1. How many of the residues in the stretch 119-152 are over 28 Å from residue 107 (Cα atoms), more than 13 Å from ligand 1 (Cβ to nearest atom) and open to solvent by 60 Å² or more (accessible area, probe 1.4 Å)?
2. When you check residue 9 against the structure, is it within 29 Å of residue 112 (Cβ to Cβ), open to solvent by less than 80 Å² (accessible area, probe 1.4 Å) and either within 16 Å of ligand 1 (Cβ to nearest atom) or assigned by TED's automatic domain parsing to the domain that holds residue 111 (or both), yes or no?
3. Would you mention how many residues in the stretch 63-95 are charged (D, E, K, R), closer than 26 Å to residue 117 by Cα and not in a strand (DSSP E or B)?
4. Restricting attention to the stretch 32-70, and to residues there that are touching a residue at least 60 places away in the same chain (Cβ under 8 Å) and surrounded by fewer than 18 Cβ atoms within 10 Å (Cβ to Cβ), which single residue is nearest to ligand 2 (Cβ to nearest atom)?
5. Kindly indicate the residue of the stretch 15-31 that is under 17 Å from residue 60 (Cβ atoms) and open to solvent by 40 Å² or more (accessible area, probe 1.4 Å) and also nearest to the chain's Cα centre (by Cα) among those meeting that condition.
6. Taking the stretch 20-62, which residues are of a type in the set (A, V, I, L, M) and not in a strand (DSSP E or B)?
7. Quick check: anything in the stretch 149-159 within 16 Å of ligand 2 (Cβ to nearest atom) and at pLDDT below 85?
8. List the residue pairs whose Cβ atoms are under 6 Å apart, where the first residue sits in the stretch 129-153 and is of a type in the set (A, V, I, L, M, F, W, C), the second is open to solvent by 60 Å² or more (accessible area, probe 1.4 Å), and the two are 6 or more positions apart or on different chains.
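The values are calculated or read from the model by the stated rules, or taken from the named source; none is laboratory data. Keep in mind it's a predicted model, so treat the numbers as computed, not measured. Counting neighbours? That spans all protein chains shown, and the Cβs are built from the backbone with ideal geometry, glycine included. What goes into the accessible areas is simple: the full protein's heavy atoms, side chains included, and nothing from ligands, DNA or RNA. Shrake-Rupley method; radii C 1.70, N 1.55, O 1.52, S 1.80 Å.
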Amino acid sequence: MKLVVRDIEEQTRRVLYEEPTASLNARLSSSTVRDYELPTNASVRLDYYRVGVEIFVQGHIEGKAIGYCARCLEGYVFDVVNDFSLVLLPQEQLPPNMELTQDDLDIVYYQGDEIDLSPIVGEHILLALPTRPLCSESCRGLCPYCGVNKNFEQCSCETNRSDPRWAALREIKLDR
Ligand SMILES: [Zn+2]
Ligand SMILES: [Zn+2]
């Protein structure tokens, strides 16, 4: 999504569009563990206006994500929602001894006649994903012995096998 700088006025304008998620999916699948997938485009609403050289943007993102639970490995769908505010400044306004960092998402310096907001929107989609995917806080995970999903099935592994961490202690008892 690109904003043309000279078209931005003092009066707030609103734009609604679909942000493609293909490049974000490529980033998500490049990690060794697949945690998340974005199956559809994200719906984005941008309100923007100008005060002098400063451009103010308020964004609202809504989309769907599939998480792959860290405990039971099942896929589950959830809503991705994020709001953000930005101040866009021309590059010339950058103080000479200040470095541009990706973390400074609330102030963005731009060059040229157009501002590409897609990378910023993309970052805010990724920021809306929880650090660890869990299908539910109370997910019981997989049985470490037989692999059944303990949310749906019960097995008797845990009662049949004693915890190996106690084995050493049991031997001590037997020796005496
Ligand atoms: Zn789970
Ligand atoms: Zn089991």
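1. Count: 3.
2. Judged against the criteria, residue 9 is not a match.
3. Residues meeting the conditions: 1.
4. Across the stretch 32-70, the extreme among qualifying residues is 70.
5. Ranking the qualifying residues of the stretch 15-31, first place goes to 18.
6. 22, 24, 26, 28, 33, 38, 53
7. The answer is yes, given that some residue of the stretch 149-159 is within 16 Å of ligand 2 (Cβ to nearest atom) and at pLDDT below 85.
8. Pairs found: 135/74; 139/71.
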